[in-house]
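Below: the structure, in structure tokens.
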């Protein structure tokens, strides 16, 4: 097949959507398909274009055998509602020229990644002209996420936006998303005109294992073996609400055996650093994103992993970091409402992860203390339930082979 992938995030971004889109495209290419990607220069999660690239120029390169076409875009240093919309729109406009160019390539299928939904109309037009099948893969419901985080107000404009969104989604030949609750939401938005598919984010279970070298980061960051490490790794964004971690750390300053480690970058990093300094948190360390090859060791460093989100965020987005935690046999403390995908996951898999309501500091801190008190630093056995779940449901080849089959069946309908 000729597969054209269209999305704003791509390799070499190490976290989030870019990581998965990059791995998917490389996997399809390795399987013998001809794959091209229309994307932007890497900028996430630091919200700054990588110095090796330009935010003003078009560029073509090859990564893992995939021909990558990058288009200019505006990247705000401090993303807020208006400038984030401008950011998404700028990519949609500049990348449309690359779509025109690929009309002559005549792909069998075009896969549009949301975000951004701004690219969906041009994807549908391209599909109609080129006769390619159209697929919308939803990593994040943009409108829902903005409303859930208070970045927009519900009312006439949002209702109008929802109607437009539903109409556009229903025009795609196939719609998929990364969690069961998001699949249900997509079906609801399309009002029965289309049925979406479950296409979850995956993990390389042979790479991320419980047997990785935990001592690597103990030595690198001079952490005593006796410390109980609480780790948050990933995007330091507004939707996470990571202030609660610092507040919990402040209340646990007297527990000298507990160390909080925050790894990553993002729009909220400076504020978090300032707050930690103001609170004199000697039990909190900040570190930048680590190289991907060291990710297994980072995962096994933690005695407890944190998956933190604000109220309203978990319905729209399923954090990809959870798959990595599970594959490493890690234990996670998650903040999410009970009726969300994360909440339901914890209810169905109580031994794999723990869940508390978001933004409830006292409950969050109490659960932290309870979990940490049960950890025996002399043994540090990994979480078998978490590891088993990853092997059964999240193994990379299983997930991608199923999606490949779905795409091939769609193309065969032509």
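The values are calculated or read from the model by the stated rules, or taken from the named source; none is laboratory data. Computed from a predicted structure; not experimentally measured. As a convention, Cβ positions derive from the backbone with ideal geometry for all residues, glycine included, and neighbour counts pool all protein chains shown.
Just checking, does segment 74-81 include any residue being more than 22 Å from the chain's Cα centre (by Cα) and more than 20 Å from residue 53 (Cβ to Cβ)? The answer is no; no qualifying residue exists. For residue 281, the conditions (1) in contact with a strand residue (DSSP E or B) (Cβ under 9 Å, 6 or more places away or on another chain); (2) outside any helix (DSSP H, G or I); (3) within 21 Å of residue 321 (Cβ to Cβ) are fulfilled apart from (3). Applying a threshold of 6 Å to beta carbon distances and a minimum spacing of six or more residues, or different chains, the list of pairs starting in segment 400-412 at a residue that is under 13 Å from residue 137 (Cβ atoms) and ending at one that is assigned to a helix (DSSP H, G or I) reads 400/27. In this structure, residue 91 does not qualify as out of contact with any strand residue (DSSP E or B) (no Cβ under 6 Å at 6 or more places or on another chain), crowded, with 22+ Cβ neighbours inside 10 Å, closer than 24 Å to residue 75 by Cα and at pLDDT below 95. With a requirement of 2 or more residues that are more than 17 Å from residue 364 (Cα to Cα), at pLDDT 90 or above and in the same structural domain as residue 306 (by TED's automatic domain parsing), the helices (runs of 4 or more DSSP H) lying completely within segment 178-269 that satisfy it span 215-220. The selection criterion, being part of a helix (DSSP H, G or I), at pLDDT below 90 and out of contact with any strand residue (DSSP E or B) (no Cβ under 8 Å at 6 or more places or on another chain), holds for residue 344. Quick one: count up the residues across segment 133-153 that are at pLDDT 55 or above and either part of a strand (DSSP E or B) or over 25 Å from residue 176 (Cα atoms) (or both). Adding up the residues that qualify gives 6. Can you find even one residue in segment 210-229 that is closer than 24 Å to residue 389 by Cα, in contact with a strand residue (DSSP E or B) (Cβ under 8 Å, 6 or more places away or on another chain) and in contact (Cβ under 8 Å) with a residue 24 or more places away in the chain? Yes, segment 210-229 contains at least one residue that is closer than 24 Å to residue 389 by Cα, in contact with a strand residue (DSSP E or B) (Cβ under 8 Å, 6 or more places away or on another chain) and in contact (Cβ under 8 Å) with a residue 24 or more places away in the chain. For residue 70, the conditions (1) in contact with a helix residue (DSSP H, G or I) (Cβ under 8 Å, 6 or more places away or on another chain); (2) surrounded by 21 or more Cβ atoms within 10 Å (Cβ to Cβ) are fulfilled apart from (1).
Just one residue in the set 116, 81 is surrounded by 22 or more Cβ atoms within 10 Å (Cβ to Cβ) and at pLDDT below 95; that residue is 116. Once segment 40-79 is narrowed to residues that are free of Cβ contacts under 8 Å to residues at least 12 places away in the same chain and not in a loop (DSSP other than H, G, I, E, B), the residue that is farthest from residue 15 (Cα to Cα) is 60. Of the candidates 272, 281, the single residue that is farther than 30 Å from residue 376 by Cβ and surrounded by fewer than 22 Cβ atoms within 10 Å (Cβ to Cβ) is 272. What's the number of the condition residue 312 fails, among (1) on the phi < 0 side of the Ramachandran plot; (2) surrounded by fewer than 20 Cβ atoms within 10 Å (Cβ to Cβ); (3) at pLDDT below 95? Checking residue 312 against (1) on the phi < 0 side of the Ramachandran plot; (2) surrounded by fewer than 20 Cβ atoms within 10 Å (Cβ to Cβ); (3) at pLDDT below 95, the one that fails is (1).
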